[in-house]
Each structure stands twice: as structure tokens, then as C-alpha cells.
1. Just to be sure I understand, how many residues within region B:64-81 are open to solvent by less than 10 Å² (accessible area, probe 1.4 Å) and of a type in the set (Asp, Glu)?
2. Hey, can you tell me all the residues within region B:218-233 that are within 29 Å of the chain's Cα centre (by Cα) and either free of Cβ contacts under 8 Å to residues at least 12 places away in the same chain or outside the structural domain of B:Asp178 (by TED's automatic domain parsing) (or both)?
3. I'd like to check something: does region A:206-214 contain any residue that is touching a strand residue (DSSP E or B) at 6+ places or on another chain (Cβ under 6 Å), outside any strand (DSSP E or B) and of a type outside the set (Val, Ile, Thr)?
4. Could you grab me the full set of residues in region B:108-136 that are more than 32 Å from the chain's Cα centre (by Cα) and aliphatic (A, V, I, L, M)?
5. Every residue in region A:63-81 that is more than 9 Å from chain B (Cβ to nearest Cβ), closer than 22 Å to B:Arg307 by Cβ and open to solvent by 20 Å² or more (accessible area, probe 1.4 Å), please.
6. Would you say A:Tyr88 is assigned to a loop (DSSP other than H, G, I, E, B), hydroxyl-bearing (Ser, Thr, Tyr) and either in contact (Cβ under 8 Å) with a residue 40 or more places away in the chain or facing another protein chain (nearest Cβ under 10 Å) (or both)?
7. Given the conditions (1) surrounded by fewer than 21 Cβ atoms within 10 Å (Cβ to Cβ); (2) away from chain B (no Cβ under 14 Å); (3) touching a residue at least 12 places away in the same chain (Cβ under 8 Å), report the number of the one that A:Arg125 does not fulfil.
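The values are calculated or read from the model by the stated rules, or taken from the named source; none is laboratory data. Only a predicted model underlies this, so the values are computations on that prediction, with no experimental measurement involved. Methodologically, a virtual Cβ is constructed for each residue, glycine included, from the backbone with ideal geometry; neighbour enumeration extends over all protein chains shown. All accessible areas refer to the heavy atoms of the entire protein, side chains included, with ligands and DNA or RNA removed. Shrake-Rupley method; radii C 1.70, N 1.55, O 1.52, S 1.80 Å.
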Amino acid sequence: MSAMAIVQAEQVHKIYDEGAVPVEALRGVSLTIAPGEFTVIAGPSGSGKTTLLNLLGALDVPTTGRVFFEGQDLSKLSRRERARLRLYKIGFVFQAYNLIPVLTALENVEFVLLLQGVPERERRRRALEVLEQLGIGELAHKRPHEMSGGQQQRVAVARAVVSRPRLILADEPTANLDSATGARLLDLMEQLNREQGVTFVFSSHDPQVIERGRRLLWLHDGRIEREERR
Amino acid sequence: MRLRDTIGLTRVAWRNLWRNRRRTLIVLSSVVVGVFVLVLFDTLNLGMVAQMLDNHLRLHVGHVQIHREGYHANPAVEQFFQDAATVQQQVATHPEVQAVAPRVLAHGLLSSAYNNGGVQLVGIVPEAESLVTFIAKQLVAGRYLHGEGREILIGERLARKLEVRLGDRVVAMAARPDGQIGSEVFRVAGLFRTVSADFDRTMAFIPIDQARALLGLPSDAAHELVLLLNDARQAETLKAHLQSALPDTLEVLTYRDIVPLLVMQRDLYAQMMYLIYLIIGVALIFGIINAMLMAVLERLPEFGVLRAIGMSEGRLFLLVSLESLLIGLLGTALGWGLSLPVYAYLAHHGLNLAAFSEALTAFGIGAVIYPRLTFRVVWNAWLIIPLVAWLGALYPAWRALHVEPVEAMRAV
């Protein structure tokens, strides 16, 4: 295992056994994500992108094979320990933004810090700082239903970065956005990656996301078909 | 979990409550009505049983009684004690004691020209007795005893039975300590009507000297000293004091010793209230489970997101619990807000149950019931209702906990 790796998958298989016929979503995937990467896992629908992202983000465990996060075998962690790992080390950006509807933008960003037990004054300061950095300070007191999709997704990015995680996983982050808004969101993420060294892993089949990836992993039928570095 | 996390989560829980305003208001109103009913029912119930006990105590029993040792177990006419006036003076010096009255007591027969009936003859010092019990205020005809002459007070019901009126003569007969039968003629001076039908049928009051003469007792003899205290709760303490201060030949009893059934009944009523709490609690809990379950099920994807961003199971459980607990606390506060003015009105004017007064009189309660607010009522409502609300959240919270982030978010 690479000493530098943030997350590493070794011969990972994932079989969903819920329906009449078991579905093998991943068939022996191995990969390593190093700090500072801007990686896109690309592939058609059903190729296993989201499944792989869920495993890398400690949201799920593989059927066989192992996933290590900073050297720690995730299959050996309890649900509680995995939740704690996600809270402190991983940020998520979801396709449907998934902000908490009753909270304002500022409170949504603060929420992760609340869960981390950060004192109120500090979490407010940090949340505001991130919103300003991301150019959405004016949205601080708006609730999700008062914001456009692009604005909500920017707030979701702010929520993901505010706790300074080691890794941010973004699952189809531009799927619900028009291309101009999607492009602005990607600019923002690239900027965070470049200036603050935040590590991003995307899953997407959106050409404009794929275009931006500095490392591309093409997934097909649960296998990494090819890898490109730019 | 730190307090500041809980405060933060409470804010989120509060906002979550108002996502579906109508649903929350419906559940909330059921809690409010539940608390309103409980508070009024409990306070009226407490008032009723307290009145029943008070009426019995102020009618005849008093708070503390002093007899010759063994009288309570065997209330025979020869079980009198002497130097009653000295004991009375000694007892009256205690600051807890408001008034003391001596009595001479005998079971006897009261006969008129038409009928007769068994009675408890009570020889009293009229002035002293009127300070301890309220028999003097219960007269419906005639006047109270002067303390001189052969006059008698009887209940209206007994008068009807004997077919006598004011001024008519009745003959009282009772066994004396020497085994002879004493008898004397008395003139009916007054008729009383109390809250107890039984009392009105069986009690007859005569001046204490007449009673002593009838029974052939010494002039300083008494069967009983009745004490009224400033506060009934001091009875047990005073009993202990008096027991050590008075000679061993005297027994000191509190109303708990004398009418244990009434005290038990009062305590039983208090226990029965818990049954009412249980019934209302069960009715409330299903409404709360239903509302919370709906609130949880429609937010499963959101709970998945919360789990994904690292919210622990404990915090998620706390969040759902807090939502329900807030309904319970708010409902209890509003229920109190609603019931206190009604309570205040009833505490001042009373609840007039004249329509049922016959039955209430038989129970020694009186037609007007005044509710009583105790710390127990406050404590019960503030503890039990929010607890019920919290219990109602357990199953919904359990459902929320078993959300797998991946599964839940798939539904997004």
C-alpha cells in the first residue's frame, strides 16, 4: 500500500443480493487516491461509479476485497467508527444537493461543525468564511427553497469543505445543473483543489466533468477499463 | 454528548416540527387537551377526597384525640379518665393546638312517644365543641346548646324517624359503668343537617354535665379530648410529643389511627389517578407514534444524508426524540396555560354538583367541590406527558436509526 495514499481499494467486489438475481456491481476494482488528486470516475449508468464512490467514502463495505482509508481497513470499523471517519475526514457533494431544508445556507454549512462539537462562535465564523471564499456569502441566510440549484450545490460544496476533510467525494454533482452553472461549480472545485490542495473524487458521465479530471478512471461493467492521466 | 451539541440539535428539531405545521398542530392539540383534562380531573379529584376527609375531621373526629388507654379498642362507658380539665389545659399549651374540647360518650337509645332509635350520645361543652367541630354551624332549626338544662341536639333525619319537632321531649337511655341503666328526659333544642346522612341519623348532643349525670360519672370525667390543630400535617409530631408528656394511662391517636379507611381512600384516589394518566397517556402515545412515524418515513432520504455526512446514530436518535419531546413540553405548557384560569375560577367559585348532591352528601363531600392544586399534580403532568411524548418517538427513532445511508439516498 502506498504510504501517500488517502484511500486505497484492493480487489474490491460488491454484490447486491436484494433482488431475485444477485447483481455484481463491482468486479475486482483496485485503485489508489493520493492527496491533491482531482480524479473522475467515469462510465455509463450502471457501470458501478456510485457503488465505488460509496465504498471509498466509507458509506458501504465491499462484499470481498478491502478498502483502506489512510491505512485503516474500513471493513474492520464499526458503523459508529465509520460515521466518525466520515464526519472528520470525508466531505460529500450529492447529485440532489441534499441540504437540510429547514436550515439556512449558513446553518447547513455549520451543521457538520455542530456534529463535530465545534463551539458555536467558531463554527459560525468558519462557515461564514467558507461561504465568502466560495463567493456565496450573500446566500448565508437563505433557505434551500429560496436558492437556485446551482446556488444550493455551491452551499453543498461549502458544507463539504468547511470541516477541512482529507477527501471530497462528489457523486454526479452537475447532473441537475445547466452547463453554465455546472462549469462555474467545477471552476470552484478546481480552485479549491489548486489553492488549498483539497482532494476530489468525482463520479460522473457528464463530459464537462470528465474533461476537467486530471486523472480519469473509466469504469465499465464493474471493472476499471482504462485509466488516463492528464 | 456535549450540552452545546444538544442545544444546536434542539434548534434543528424545533424547526423540523414546523415542516408540517398542520400535523404538528393536530398532535399538539391532543397533548394540550390531554394535559387540560388531567390537570382539572386531578385537582378536582384531590379537592373532593380532601374535602371528604376534612369534612369528616371537622364534623366530629378532629385531628388528634386523647382517651384512656384502651378506649379506642373497646369504647365502653367505664373507660373514662378523670382530671379532664387539667389534661385539657396541658394539651392546649402546645402551639400546634388551635382548640380542645372534652366529650363524654355513650351508646344509648333515644325514644319519643312514637318511635325510638339507637344513638351515640355525645356530652359536650358547647363553646369548646364549636371551636373544634362545625356542628354549631350545621343547625337547620332551633338553636345551639347553652350548656345548661336538659336539652338535646339531634339530626334532622333522626327527628323525622322519631317524629319529633323542636321543643318536643325525648328520653335518652344508656348503660352506666355500674351496669344500671341511666335515663333522662331532654327537650329538642335544635336540629342539624350535615354532609353525612349517617351522622344525621345517629348522633345526639347534650351538655357534658347532663351526660355525666345520666351515666353517673364524676364531675371531672371525660371519655375523649378532641384537638383541632393549625395544620393537620402536624398530627403525627404532636402525637409523639403528647405521648411522652401525658401519663401512660392515656392514649393519643391521630385521625390516621381513628379513620384509617378514609385516609386509605384518599391515598387510593391518588393511586387511581395514575390509572387515568395511563389511559390518557396510551391515547396520546398512539397519536404521537403515528405523527412521528410519518415525519420520519418521509424524511428517510434526508436521514441517509445526515448519516452520510457523519451524524452518529446517537445524535440521530436524539434529534427525533427531541422533536417529540418538544411537542410534549410545548403541549404541556399550553395545556397548563389553558387549565390554570379554569382551575383558578373553580378554586374560587367551586364546581357546583348540586344535581348529584344526594350521593355526594352520603359520601360526606358536600355539593360544591373545590379543586386542589398540589406539587404532585404539577410534577405528574410535567413529567408524565413529556415522557409519554418521548416514548412515542422511540419506534419512529428506531426506524430512523436503521437507515443505511446508501439505501436511503438511493430514494433521493
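1. The qualifying residues number 0.
2. Matches in region B:218-233: B:Arg233 only.
3. For region A:206-214, residues touching a strand residue (DSSP E or B) at 6+ places or on another chain (Cβ under 6 Å), outside any strand (DSSP E or B) and of a type outside the set (Val, Ile, Thr): present.
4. B:Leu109, B:Leu110, B:Ala113
5. Scanning region A:63-81 gives A:Thr63, A:Phe68, A:Glu70, A:Gln72, A:Ser75, A:Lys76, A:Leu77, A:Ser78, A:Glu81.
6. no
7. The number of the failed condition is (3).
So that you can scan it fast, the table gives a plain yes or no per residue for (1) more than 27 Å from the chain's Cα centre (by Cα); (2) open to solvent by less than 10 Å² (accessible area, probe 1.4 Å):
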site: B:Gly216; (1), (2): yes, no
site: B:Ala235; (1), (2): no, yes
site: B:Lys239; (1), (2): no, no
site: B:Leu242; (1), (2): no, yes
site: B:Asp248; (1), (2): yes, no
site: B:Thr254; (1), (2): no, yes
